[in-house]
1. So how do 65-72, 477-484, 349-356 stack up, highest first, on mean other-Cβ count within 10 Å?
2. Quick one: which of 147-158, 461-472, 73-84 comes out on top by average Cβ neighbours within 10 Å, and what's the full order, highest first?
3. DSSP loop GluC sites (Glu not before Pro) in the range 170-275 with at most 12 other Cβ atoms within 10 Å of their Cβ, which ones?
4. How big is the dipole moment of the chain about its Cα centre under a simple scheme where the beta carbon of each Lys and Arg is +1, that of each Asp and Glu is -1, and everything else is neutral? Debye, nearest 20, please.
5. At 7 Å along Cα-to-Cβ for each site, give me the label-to-label distance between ALA121 and ALA375 in nm.
6. When you count, for each residue, the other Cβ atoms within 10 Å and take the mean per peptide, how do 237-243, 90-96 rank with the highest first?
7. Kindly provide the chymotrypsin sites (Phe, Trp or Tyr not before Pro) of the range 386-493 that DSSP labels as loop, not H, G, I, E or B, and whose Cβ sees at most 12 other Cβ atoms within 10 Å.
8. Compare the Cα positions of THR386, VAL353, TYR32 along the charge dipole of the chain (+1 at Cβ of Lys, Arg; -1 at Cβ of Asp, Glu; about the Cα centre) and return the one farthest towards the positive end.
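Please treat every number below as a calculation from the coordinates, not as lab data. Keep in mind it's a predicted model, so treat the numbers as computed, not measured. Glycine gets a Cβ as well: all are built from the backbone with ideal geometry, and neighbour counts include every protein chain shown.
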Amino acid sequence: MTYPGIGSWPSIRRLRTPDKTALVFGETRLTYREFADAADRIASMLTVMGVGKGDAVAYIGENSPAFLMTLFGATRIGAVFVPVNTRLAPPEVTHVLTDSGARVLIYDTELYDKVAPGIEAAGVAHVIPTGEGDGVDPGLDRLAAVATQAPPAVDVTPDDPAVYMYTSGTTGRSKGAALTHENLTFVALNCVLDYDLLSNEVALLISPLFHAAALGMGALPIVLKGATMVLEKGFEPGRALALIQRHGITMLSGVPTTYQLMADHPDWASTELSTLRRLTCGGSAVPTRILDVYEERGLHFTQGYGMTETSPGHTALPADRTREKQGSVGLPHFFSSVRIAGEDGALLPPGEVGEIEVLGPNVFPGYLHLPEANAQSFRPDGWFRTGDMGYLDEEGYLFISDRLKDMIISGGENIYPAEVENHLFDIGGVTGAAVIGVPDEKWGEVGWAVLTVRDGAEVTTQTVQDHLTGRIARYKIPKNVVIVDELPRTASGKVRKADLRARFAGRPEIVHPTGTAIPWQTETIRTASRGR
């Protein structure tokens, strides 16, 4: 029997529920028949262009029906879909296009300046704007409309890659996680099972689909179950509240910042929320203040833990145990497993902190072109080493203790300090650099750069932010810069970031809006508050 892969899902839904509303986008409503037909036309268009099994099709754009149609159209013919973060800087986009070997790039026209440098560098064969295009360069809509032949029958295996999802690099460059058809199938199944998804769900998708969470745990489970998604280009709290009431939204996913901004909005108290029955939250634990506000409206959260490499969900904390197990990220998903290991790889008993290791059909097989990283990331018995520290309680609930890799999660975006630090060392006068996460009420965490500089060098907050602008995504740029006399280091010379976090976290008195020098203890500190 031929394995159909995730690209077959819309066409299967076309057979089973052809007239059911699949997608709502603004005033546009698409049934599963219309949605599958559109995905088939894109599959045919790509085939005419010579795209086949294993070829990479990149897409950079905000949430839209075209994003999902391209995903399913590409995977329908065995190609690999490459979603590109719209917030990346041009050099970062170039790396994704080059590393993935993209043969086709589909892009929103307002993002052309981001992709232009990478088109030639990566040797992209076909560059297609979304929409109708112009008289010279037809857009995706026009090209797909004239692609009438049926998509070819393509055999894919569960182990074939379906999506290359790029995650921020811990060593300075983003890494392409190869998510297979099996990975994405099982993460969707885990969601259907553990969140009790029904076919009458109406899910509001407000997070970017180029993130693994919105794609793997938002759009895919909805299509698998034959439910309805209300797709938004981006998140605006007032509009999200209006859409919940207008469409009778039953399911909403986000990060703590999402829910805080909605609760803080003037329309919060007057919005009818009675249809909501599933709130899922990731990125970081839901603060007590947010739990309180939502529980006053009879709303409860399911929280979880995962990463791009797990497609991304791996654990879930049931809503009815949120208070009893507050601080936990829950139990492994139905088809997932978790264990805790010590430095020597030996398994640890409940209550002891060690490295979190995971296993399951949702766990990716490895990174593109990085055999050394893959060898270090997996145990000989196949378990993936997350690099996160935590423990299991006596009932098997997972608690996160620390992040071994020092990753910062800011508003749901992952920031890896090493990537930012590599750029900081290019600034004249900088002799040492460490990027740490500092608690922030709005974003959960924000990045701070702690620097040492050469005697006589003038390195200011503005210097740092100007240097990083255009080189890395804006959300990765440190919000504040602190200049110190010396960075704390281990005997082997590694910066003790835990010491820095302990020193600067929760010290709002050292934040100064002008970026001028402020003495603090024996150190000189320059900081500045600035938006994202």
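1. 65-72, 477-484, 349-356
2. 73-84, 461-472, 147-158
3. Hits after loop and neighbour filter: GLU272.
4. About 420 debye.
5. 2.9
6. With the highest mean Cβ count within 10 Å placed first, the list reads 90-96, 237-243.
7. Sites meeting the loop and neighbour criteria: PHE425.
8. It is TYR32, whose Cα lies furthest towards the positive end.
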